[in-house]
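Written out below as structure tokens is the structure these notes cover.
Just so you know, all these numbers are worked out from the coordinates, no wet-lab data involved. Keep in mind it's a predicted model, so treat the numbers as computed, not measured. Here the Cβ positions follow ideal geometry from the backbone for every residue, glycine too, while neighbour counts run over all protein chains shown.
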Amino acid sequence: MKRNASRVSWILGFLSVAVALASALAAAASLGLSLGVSAATAAAIASLIASVVAGAYSANIASFIKNLSGTKRVFISYARTDSNLAKSLASELREKGMEVWIDFDRIGSGDDFAKAIERGIADADYFVLIASDRPSEFALHELKFAKDRGVKILPLVSSNEVGNGLLTDLVSIPFAQSERENVEHLVKRITGESQKT
């Protein structure tokens, strides 16, 4: 609900900016002509204004277009000890046609790690927390960030206590005996092939 309200708010904000931009462009052209500036100069000023506004909204526009595609986007947060499980899950979800955000695929040399993670979470439909042991403080920060943005959280954890109270209102997916069972259970939850547990 919170996410949908945010998207509607963004769309209305974008439309307001687009209308304001069109008005500004018309005013710049009119002003330029009334001041004796050539039409080419007025057009260049209007183009510059349009470029600045489009640049400011480019990430939001891309995110909105992705939402229209209907592709499920999954962010995977995991402890290094659970990296094999995270990689298996990412591979399986991609085979099912989902867009997967996992750090080793999405963060390159020189990238701002924290900002990249936050962008990945903000764009996700699902946040999967894999924690066979106590999650790191950074993983808990990611979990809180996802909760605050209304991203659907699927915690695969050894117990509800591992989330420092952040998981108390969520139904966790208990760790199964095998990695394959864990991957299958998460894929079913995300694809909607099973009832909620």
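Tabulated values for the structure
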read-out	value
Neighbourhood charge, 12 Å Cβ-Cβ cut-off, centred on Ala116 and excluding it, Lys, Arg +1 and Asp, Glu -1	-4
Phi to ³J(HN,Hα) by Karplus 6.51 cos²θ - 1.76 cosθ + 1.60 over the range 111-125, Hz, x for Gly, Pro	6, 6, 4, 5, 5, 4, 4, 5, 5, x, 5, 4, 8, 7, 8
Burial ordering of Ile121, Ile45, Ile130, fewest other beta-carbon atoms within 10 Å first	Ile45, Ile121, Ile130
Residue order, fewest to most beta carbons within 10 Å, for Phe127, Phe75	Phe127, Phe75
